[in-house]
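In what follows, a single structure is set out as C-alpha cells and then discussed.
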Amino acid sequence: MDGEIQLISDGDGLAVIGSARDVELFLISEGLPSRELGLKRLKSIVETGAVAAQTGSQIAADSGRWVKLTEESARAIKKHGLRESSKTGLSTGVVKGPKGKGQIGGFVEFAKDPRTLLTNPSVLAGAAGIMAQAAMQQSMDEITDYLAAIDEKVDDVLRAQKDAVLARMIGVGFVIEESMTLRNSRGRVDEVTWSKVQSAPATIAETQAYSLRQLDAIAEKLENKANIGDLAKAAKDAEVAVRDWLAVLARCFQLQDAIAVLELDRVLDASPEELNGHRLGLKAARQDRLELIARCTEHLVARMNAAAGTANAKVLLHPTKSPAVVQASNQVATGVYALHERLGIESGDKSSETRRWVEAAVEVRDKAIETGTKGVGAAKSLGAEGLDRAGSVRSKLSTGIAERARRLRGSDEEREEEA
C-alpha cells in the first residue's frame, strides 16, 4: 500500500492514514491542521491468522492523523469523493500518494487487498472509535482554552460555592485526570483504572443539572422584575453569576468527554466487537447534552434580551440604570455564545446574536435624542398655546374690567343728574 493514503470520515473528523511522509505531504498540500490519531491502539483488536498478521504489520508501519471537520476542511476533502457506507455510517476512500514534487493524486478505487485497513470491519470500527476519542480530546483542549480566555479557574468557582454537589465535583475531576494520565502513559485502560472512574458520570450529571437549574433561576428572577431599579440590580448580578455557572458547565462537559475517552478504551480492550455500537451510543448521548445546554442558555439569553428591551423603553426616566441593563444583557449573551462556539452548538439566526455594547449604547442614545426632541417640540407648542390662552384671558379680563368701570361711572352720573 505504499504511496496511497486511506481516508475515513465520521462526520465530525477525518482520519488520514498512510506512511508518515505521505500523510504529512497530504495535509500540507490541503492546508489541514491535525493531531495524532493513536493508530497503534488498533493492534489490540486484530484477530489471529495470516490476514490479521498482515493487517497488524500495516498498522505498525502506518501513521495516522486526525483533522477536525470544519466548513473549510470539509470543502478541502470533498473533492476526493469519499463513499459512505450504509452499514457503518462512515465515509472512506483512498488517494494516491505523492507524485513528483509532493503532489497528491486523485481518488482511486479500492482494491480488495487484505492489507488495506479499510477492508477489515473490526479495524474500521476501531478506527472510528479512536477518531471519536480524538474529537473529544480536541473539544477538551478547546474548553481549556475557553476557561483560560474568561480568566476563570473552575476549581476556584466550585470552592466558592458552598455546596456538597460541587464539592464532589472537585474530587471527581482529580480522579479523572489521574486516570487520563495513566491511560496516556500505558496506552490502555485496565480494569483497575476503570474501577476508579465508574461512578464519576453520576456526579458529573448531578453537577450539570444543578448548574442548569441555577441558570433557570436567574432567568426566572429577571422575568419577575418590573421596577427598573430591581431589574438593573438583577441584571448586574446575573452578569457575574452566569459567567461562573457557564464555567462550571464547561468543566462538566470536559469531564464527560474525558470519561467517554476512557470508556471507549475500556470497550476497545475488553469487548472490541461492541466498540462501534458503543461509540454511536456515546455520540447520541453527547448530542442530547448539547441540546439541553443549548435550550437552557438560549432561554436565559432571551430573558436578558427582554430585560434590555424593557430598559431601552425607559431610558429617559432612568438614564443611568437602563444602559447598565443593556450592557449586562450583552455581556451575558457574549459569554453564552462563546461557550456555544467551544462546544460546537449552533446559536440560531442573526436575531438571537448578541449586540456589541457600543451599538446598543448608540441606539439608546439616538432614541433618547429623538424622544427628547419630540418632547421639547411638544413643550414649545404647549407653551405657545398657553401664552395665547393667557393673552386671550387677559384681554377678555381687561375688556370686562373697563366695561364694568364705564357702567359704574354711568350710574354715578345718572344719580348726580337726578339729584
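All of ALA258, ALA250, ALA270 fail the test of being of a type in the set (Gly, Ala, Ser) and over 30 Å from VAL336 (Cβ atoms), apart from ALA270.
Determine whether region 225-232 contains at least one residue that is among the polar types (S, T, N, Q) and closer than 26 Å to THR334 by Cα. Yes: one or more hits. Could we say that VAL261 is in contact (Cβ under 8 Å) with a residue 24 or more places away in the chain and over 20 Å from the mean Cα position of the chain (by Cα) here? Spelling it out, VAL261 is indeed in contact (Cβ under 8 Å) with a residue 24 or more places away in the chain and over 20 Å from the mean Cα position of the chain (by Cα). Scanning region 94-107 turns up no residue that is modelled with pLDDT of 60 or more, buried (at least 18 other Cβ atoms within 10 Å of the Cβ) and part of a helix (DSSP H, G or I). Tell me the residue from SER185, SER179 that is under 30 Å from GLY38 (Cα atoms), open to solvent by 20 Å² or more (accessible area, probe 1.4 Å) and either among the small types (Gly, Ala, Ser) or free of Cβ contacts under 8 Å to residues at least 12 places away in the same chain (or both), please. Result: SER185 is the single residue among SER185, SER179 that is under 30 Å from GLY38 (Cα atoms), open to solvent by 20 Å² or more (accessible area, probe 1.4 Å) and either among the small types (Gly, Ala, Ser) or free of Cβ contacts under 8 Å to residues at least 12 places away in the same chain (or both). Of ASP244, ASP230, all but one fail to be assigned to a helix (DSSP H, G or I) and open to solvent by 50 Å² or more (accessible area, probe 1.4 Å); the exception is ASP230. The number of residues in region 31-43 that are open to solvent by 30 Å² or more (accessible area, probe 1.4 Å) and either touching a His at 6+ places or on another chain (Cβ under 9 Å) or closer than 9 Å to TRP66 by Cα (or both) comes to 4.
Conditions (1) among the charged types (D, E, K, R); (2) surrounded by 16 or more Cβ atoms within 10 Å (Cβ to Cβ), marked per residue:
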{"position": "GLN256", "(1), (2)": "no, yes"}
{"position": "ARG266", "(1), (2)": "yes, yes"}
{"position": "GLU273", "(1), (2)": "yes, no"}
{"position": "ASN276", "(1), (2)": "no, yes"}
{"position": "ARG303", "(1), (2)": "yes, yes"}
{"position": "ALA306", "(1), (2)": "no, no"}
{"position": "GLY309", "(1), (2)": "no, no"}
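Checked against the criterion of being within 30 Å of ILE130 (Cα to Cα) and open to solvent by less than 20 Å² (accessible area, probe 1.4 Å), the candidates ALA260, ALA338, ALA284 yield just one match: ALA260. Based on this model, can you work out whether ALA294 counts as under 21 Å from ILE176 (Cα atoms), touching a residue at least 12 places away in the same chain (Cβ under 8 Å) and not β-branched (Val, Ile, Thr)? No: the conditions fail for ALA294.
Considering every residue within region 222-231, establish whether at least one is at pLDDT 85 or above, within 21 Å of VAL326 (Cβ to Cβ) and not aromatic (Phe, Trp, Tyr). Checking region 222-231: not a single residue is at pLDDT 85 or above, within 21 Å of VAL326 (Cβ to Cβ) and not aromatic (Phe, Trp, Tyr).
Here ALA209 meets each of (1) over 21 Å from the mean Cα position of the chain (by Cα); (2) farther than 16 Å from ASP257 by Cα with one exception, condition (1).
The values are calculated or read from the model by the stated rules, or taken from the named source; none is laboratory data. Since the structure is predicted, the reported quantities are computational estimates derived from the model, not experimental observations. For neighbour counting, all protein chains shown are included, and Cβ atoms are generated from backbone atoms with ideal geometry for every residue, glycine included. Calculation scope for accessible area: heavy atoms of the full protein, side chains included, ligands and nucleic acids excluded. Shrake-Rupley method; radii C 1.70, N 1.55, O 1.52, S 1.80 Å.
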